[in-house]
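Down below is the structure, laid out as structure tokens.
The values are calculated or read from the model by the stated rules, or taken from the named source; none is laboratory data. Predicted model only: the values in this text are computed from it and were never measured. Every residue, glycine among them, receives a Cβ derived from its backbone with ideal geometry; neighbour counts consider all protein chains shown. The area values use the complete protein model at the heavy-atom level, side chains included, leaving out ligands, DNA and RNA. Shrake-Rupley method; radii C 1.70, N 1.55, O 1.52, S 1.80 Å.
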Amino acid sequence: MIEKSYDVIVVGGGHAGIEAAMASARLGCKTLLMCMNLETIGQMSCNPAIGGPAKSQLVREVDALGGVMGICADATYLQLKTLNQSKGPAVQALRAQSDKTEYRNFARELVETEPNLSLRQTMAARVIVDPDTRQVTGVEDSLGIEYPARAVVLTTGTFMNGKLFIGEKCLSGGRPGESASYGITASLVELGFTTGRLKTGTPPRVDGRTIDFSELPEHPGDPEPSFFSFLPNRPVREQLPCYMTRTTEETHRVIRDNLHRSPMYQGLIEGAGPRYCPSIEDKVVRFADKDSHHLFIEPESRGSYEMYMQGFSSSLPIEVQMAMLRTLPGLANVDIIRPACAVEYDYFPAYQLHPSLMAKTIPGLFMAGQINGTSGYEEAAAQGLIAGINAARYAGNRQPFILPRESSYIGTLIDDLVTKEILEPYRMLTSRSEYRLLLRQDNADTRLTPLGREIGLVDAHRWQVFQEKQERVQAEFKRLKETKPSLDEANTVLEAEGISPLKEKTALLDLLRRPQVSYDMIARMAPAFAETPRDIALFVETEIKYEGYIDKQSKGIDRLADAHKVKLPEDMDYASIRQLSNEGREKLGKIRPATLAQAMRIPGVTPADISVVQIVLAQRSPKKTAVEAV
């Protein structure tokens with residue numbers, strides 16, 4: 001049986017699938033979102049939280065381009081908190097503890113009310129490819145129904161051949177309470193793709209009524225919260241506190257005594273787990289010198305007493321989990337609602353994809369999210385947005401939309417995925433970006449909203465909001481440059497802060513260049529500046545204070561631009577270039593970089609290898625001065 005045809009089919013209703021389907025539909029494509037259970041669209045399988053270091057930059061960038069994750073997070077938060085406020089602006093990050101029920105319902109309503117977007121509850125079992133052209137032509141589900149399409153986006157999460165581990169028990173499943181999906185892996189392997197196994201995990205959920213919170217430090221949200229979306233009129237909601245507890249020596253003893261019952265230590269799990277989010281048993285083994293580890297107890301929903309044990313991921317048997325939990329301060333009588341577990345699943349290394357996230361060997365097939373080896377809602381949403389945009393552009397015979405590494409955290413994320421071999425779940429970190437001072441969360445709209453407008457995702461309302469903000473920013477720079485408070489006004493504030501007084505009148509813009517002078521102090525010198533919106537003040541202050549560093553990074557990007565212009569032929573036979581190192585030959589042949597800049601970032605490819613590639617390029621095309629270009 002053959003169903004009606006679509007421009008784009010998105011397989012999977014998680015955070016990557018939502019962004020891909022919404023982007024495709026909003027770009028005018030007749031889109032189908034296909035998932036096994038429509039009730040779990042937008043499900044927060046692990047921690048119901050959005051943002052955090054590096055991840056908040058991803059969410060802001062998704063929003064700036066016209067995506068929906070930031071809007072969903074702003075509408076459904078339980079708590080909003082800016083992290084690393086005492087550190088520099090490049091690492092400051094917004095984090096939202098979300099109401100997982102409200103988030104799921106909000107996301108479901110978005111996709112259900114989007115024109116051009118249809119839903120179908122079914123299991124995708126096979127990618128259909130034309131045997132002659134090798135182009136994707138649709139998807140077949142587990143009932144044998146074929147769905148024709150010009151482009152397909154796979155966002156299957158942890159469901160492909162998924163297994164759940166709780167102690168000695170091993171169950172089939174993509175996440176607790178939901179069945180695994182079968183067929184797609186075999187279909188892709190048959191098409192020539194390389195696959196692997198990864199592992200992730202989730203902590204237990206406990207009954208908040210059985211916790212003695214009087215023993216625990218409370219962590220409230222920000223009194224004046226910031227938001228993810230650059231759109232105005234975000235809802236102001238009552239915030240709920242989180243709490244902190246810690247492991248004890250008794251906790252560690254229980255873990256050590258039961259390590260032999262962990263499926264990881266028994267060798268039952270093949271896949272590599274996330275290095276930056278280890279299980280509690282991994283923490284105790286790897287950091288044996290630590291006598292305690294902090295844990296956060298976080299609410300999951302306003303309408304539930306379920307609490308999430310952040311930092312307590314485990315695959316030990318449930319009775320061991322209970323024993324561990326009851327050694328924690330405040331949890332002596334705690335009850336488990338849902339046990340912790342480990343999840344093992346199939347993924348496809350993303351070096352098999354172009355930077356557009358389209359498969360190199362199957363035109364029209366795109367992949368996004370955990371199928372590419374990443375971990376986290378934000379990483380999934382960022383990939384889903386780019387895959388959805390490019391699936392729509394492919395269906396419309398347009399050139400792909402690619403964000404360079406230096407343009408955004410999204411560009412950095414995708415460049416890492418398609419350039420490097422991912423051997424463990426990939427998590428975005430601020431340290432992964434060499435341009436992080438330029439790629440702050442506060443300037444994501446300045447960097448990306450014009451691009452979103454150009455490709456058609458930023459509507460007239462968002463564009464007007466953006467333009468008005470840019471006008472306010474420029475007016476603020478002008479006002480700071482032109483305003484010189486009297487010496488008495490300026491020195492009264494400076495001396496109160498223990499700062500040496502001025503000898504002559506100085507423009508506020510020049511005063512802000514001083515590390516010890518804040519915008520709050522400027523507002524006290526010139527009260528009219530107290531009315532400056534907080535987001536405008538933060539942006540302007542950062543741009544002024546870090547002007548020299550920003551200029552230095554911008555010049556570095558300009559130098560790199562030349563290497564981006566040097567395209568590497570798709571048919572280049574690296575195996576035949578004897579002057580390359582063995583590892584360089586292997587890596588270049590495997591990754592097949594699109595540009596010289598991408599080749600330069602491949603681990604194992606040396607500067608000498610790059611010089612050889614440049615010489616070969618010059619020999620192939622004498623008129624193109626590839627060597628001189630860089």
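Across segment 152-274, the volume of the C-alpha convex hull divided among the residues equals 214 Å³ per residue.
Entry note: segment 339-485 has Rg to Rh equal to 1.07, where both radii use alpha-carbon atoms and Rh is the Kirkwood radius. Report the GluC sites (Glu not before Pro) located in segment 183-254 that are in a DSSP loop and have at most 12 other Cβ atoms inside 10 Å of their Cβ, or state none. When the GluC sites (Glu not before Pro) of segment 183-254 are filtered for loop state and at most 12 Cβ neighbours within 10 Å, E238 remain.
Cα convex hull of segment 54-195: how many Å³ per residue?
Working: hull volume 28.5 nm³, N = 142.
Convex hull of Cα atoms, per residue: 201 Å³.
Excluding ligands, DNA and RNA, the accessible surface per residue across the chain is 42 Å² with a 1.4 Å probe. Taking the three principal axes of the alpha carbon atoms in segment 377-445, the coordinate ranges are 37, 32, 21 Å, sorted in descending order.
Both numbers refer to the Cα atoms of segment 304-394; Rg and Dmax are 19.6, 57 Å. Working note: 222 nm ellipticity from helices only, DSSP H runs with n ≥ 4, each -39,500 (n - 2.57), summed and divided by the residues of the chain, gives -11000 deg cm²/dmol to the nearest 500.
Please compute the Cα-Cα pair-distance distribution of segment 216-351 with 5 Å bins starting at 0, giving whole percents from short to long. Calculated P(r), rounded to whole percents: 2, 8, 16, 18, 17, 12, 10, 9, 5, 2, 0.
Restricting attention to segment 1-60, which trypsin sites (Lys or Arg not before Pro) occupy a DSSP loop and are surrounded by at most 11 other Cβ atoms within 10 Å?
Values: sites: K4, R26, K30, K55, R60; in loops: K4, K30.
Qualifying residues, ordered by number: K4.
Tell me, what is the Rg over Rh of segment 498-630, with Rh the Kirkwood radius over Cα pairs? Numbers along the way, then the final one.
Values: Rg = 24.8 Å, Rh = 18.9 Å.
Result for segment 498-630 is an Rg/Rh of 1.32.
Altogether, the Stokes-Einstein calculation at 37 °C and 0.692 mPa s, with the Kirkwood radius of segment 1-122 over Cα pairs as Rh, returns a diffusion coefficient of 216 µm²/s.
Can you check what the Kirkwood hydrodynamic radius comes to for segment 430-522, Cα pairs only, in Å to one decimal? Answer for segment 430-522: a Kirkwood hydrodynamic radius of 16.1 Å.
Entry note, the chain: relative contact order of 16 percent, from Cα contacts under 8 Å with a spacing of 6+ residues. Between amide H atoms placed 1.01 Å from N, distances below 5 Å from G157 occur with Q370, I371, all of them 5 or more places distant or on a separate chain. Among the chymotrypsin sites (Phe, Trp or Tyr not before Pro) in segment 433-491, none is located in a DSSP loop while being surrounded by at most 13 other Cβ atoms within 10 Å of its own Cβ.
Calculated on the alpha-carbon coordinates, the convex hull of segment 494-563 measures out at 104 cubic angstrom per residue.
What percentage of the solvent-accessible surface of the chain, computed with a 1.4 Å probe over protein heavy atoms, is contributed by carbon and sulfur atoms?
Working: 13480 of 26520 Å².
Within the chain, the accessible surface is 51 percent carbon and sulfur.
The Cα trace of the chain gives Rg and Dmax of 26.0, 84 Å, the first to one decimal, the second as a whole number. Taking every Cα-Cα distance in segment 239-312 and sorting them into 10 Å bins starting at zero, the pair-distance distribution P(r) comes out as 17, 41, 31, 11, 0 percent.
Computed over segment 255-297, the P(r) tail beyond 15 angstrom holds 47 percent of alpha carbon pairs.
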